[in-house]
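Undergrad: Input: one structure, supplied below.
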Amino acid sequence: MSLPQSVLFCCDHNAVRSPMAEGLMKKMHGHEIYVQSAGVKNDLEIDGFTISVCEEIGVELSRHRTRSFDEMREWGDDLEGFDLIVALSPASQRMAQELARHAHIEVEYWPIMDPTGLGEGREAKLASYRQTRDQIVDRLQGRFGGTV
């Protein structure tokens with residue numbers, strides 16, 4: 001299986017699903033693949049439940065700073081430099097397809113559950129976030145190989 005050289009994961013706010021995917025991919029493949037993440041909007045900080053469930057499996061996300069597609073461009077990240085964009089939400093899929101249209105970048109859509117707002121109480125919320133994390137792990141392993 002040939003691996004892409006660079007992957008951008010994206011979701012709505014870059015606060016839950018795409019940072020999970022970025023951190024998990026980095027753990028699975030180290031510096032073998034350049035990995036970043038972005039959101040359609042940057043209006044939230046990284047989610048505390050995201051940090052917790054990733055920490056459980058050795059993925060450190062507490063220093064993650066959320067960013068949008070627009071901020072990536074402003075900071076000099078060339079979206080055309082990515083081999084693959086993986087969209088984890090419908091809104092990010094639409095934006096990724098629009099951005100990739102002229103650059104001929106492959107865009108994949110993975111329908112990953114958004115755990116925000118699910119579950120009553122801390123343990124139920126953590127269970128929802130773990131389910132999302134595990135969905136991402138399964139998709140990463142199926143697409144790119146490797147283990148967490």
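Undergrad: Which whole-number percentage describes the relative contact order of the chain, with Cα contacts under 8 Å and a sequence gap of 6 or more?
TA: Rounded, it is 27 percent for the chain.
Undergrad: Continuing with this model, one more query. Once both axes come from the Cα atoms, what is the angle between helix 17-29 and the longest principal axis of the chain, in degrees from 0 to 90, rounded to 10?
TA: Long axis of 17-29 versus the principal axis of the chain: about 80 degrees.
Undergrad: Within the chain, what whole-number % of the accessible surface is contributed by carbon and sulfur, with the 1.4 Å probe and all protein chains included in the calculation?
TA: Numbers: 3440 of 7320 Å².
C and S atoms contribute 47 percent here.
Undergrad: Let me ask something additional. Determine the calculated [θ] at 222 nm for the chain from helices alone, applying -39500 (n - 2.57) to every DSSP H run no shorter than 4 residues and normalising by the residue count; nearest 500 deg cm²/dmol.
TA: The helix-only estimate for the chain comes to -13000 deg cm²/dmol at 222 nm.
Undergrad: Expressed as an acute angle from 0 to 90° and rounded to the nearest 10, what is the orientation of the C-alpha long axis of helix 90-100 relative to the principal long axis of the chain?
TA: 20 degrees
Undergrad: Now for a separate question. Just to verify a number: what accessible area does residue 26 come out at with the full protein assembly present, 1.4 Å probe, Å² rounded to tens?
TA: About 80 Å², ignoring ligands and nucleic acids.
Undergrad: Sticking with this structure for a sec: Sorted by accessible area with a 1.4 angstrom probe, largest first, how do 62, 89 fall? Display every interim value, and only then the final one.
TA: On the way: 62 55, 89 0 Å².
Reading off the accessible areas and sorting them downward yields 62, 89.
Undergrad: Here is a follow-up. Please report the equivalent ellipsoid semi-axes of the chain, computed as sqrt(5 x eigenvalue) of the Cα gyration tensor, largest first, in whole Å. List each step's numbers first, then the result.
TA: Numbers: eigenvalues 109, 60, 37 Å².
The three semi-axes for the chain are 23, 17, 14 Å.
Undergrad: Checking the a/c ratio against 1.5 first, then a/b against b/c, what shape does the Cα gyration tensor give for the stretch 1-57? Spell out each step's value before the answer.
TA: On the way: a/c = 3.14, a/b = 1.40, b/c = 2.24.
It comes out oblate by the Cα gyration axes.
Undergrad: What angle do you read, to the nearest 10 degrees and between 0 and 90, between the alpha-carbon axis of helix 122-144 and the longest principal axis of the chain?
TA: Once rounded, one gets 40 degrees.
Undergrad: With a 1.4 Å probe and every protein chain left in place, work out the accessible area per residue of the chain in Å², rounded to a whole number.
TA: 49 Å²
Undergrad: What net charge do the residues around residue 100 carry, taking every other residue with its C-beta under 15 Å from that of residue 100, with Lys and Arg at +1 and Asp and Glu at -1? Don't jump to the answer; show the numbers that get you there.
TA: Details: positive: 73, 94, 101; negative: 77, 78, 80, 83, 98, 106, 108.
Local charge sum for residue 100: -4.
The values are calculated or read from the model by the stated rules, or taken from the named source; none is laboratory data. Model, not experiment: these values are computed from the prediction. Cβ sites come from the backbone with ideal geometry, for glycine too, and all protein chains shown count toward neighbours. These area figures cover heavy atoms from the full protein model, side chains too; ligands, DNA and RNA do not enter into them. Shrake-Rupley method; radii C 1.70, N 1.55, O 1.52, S 1.80 Å.
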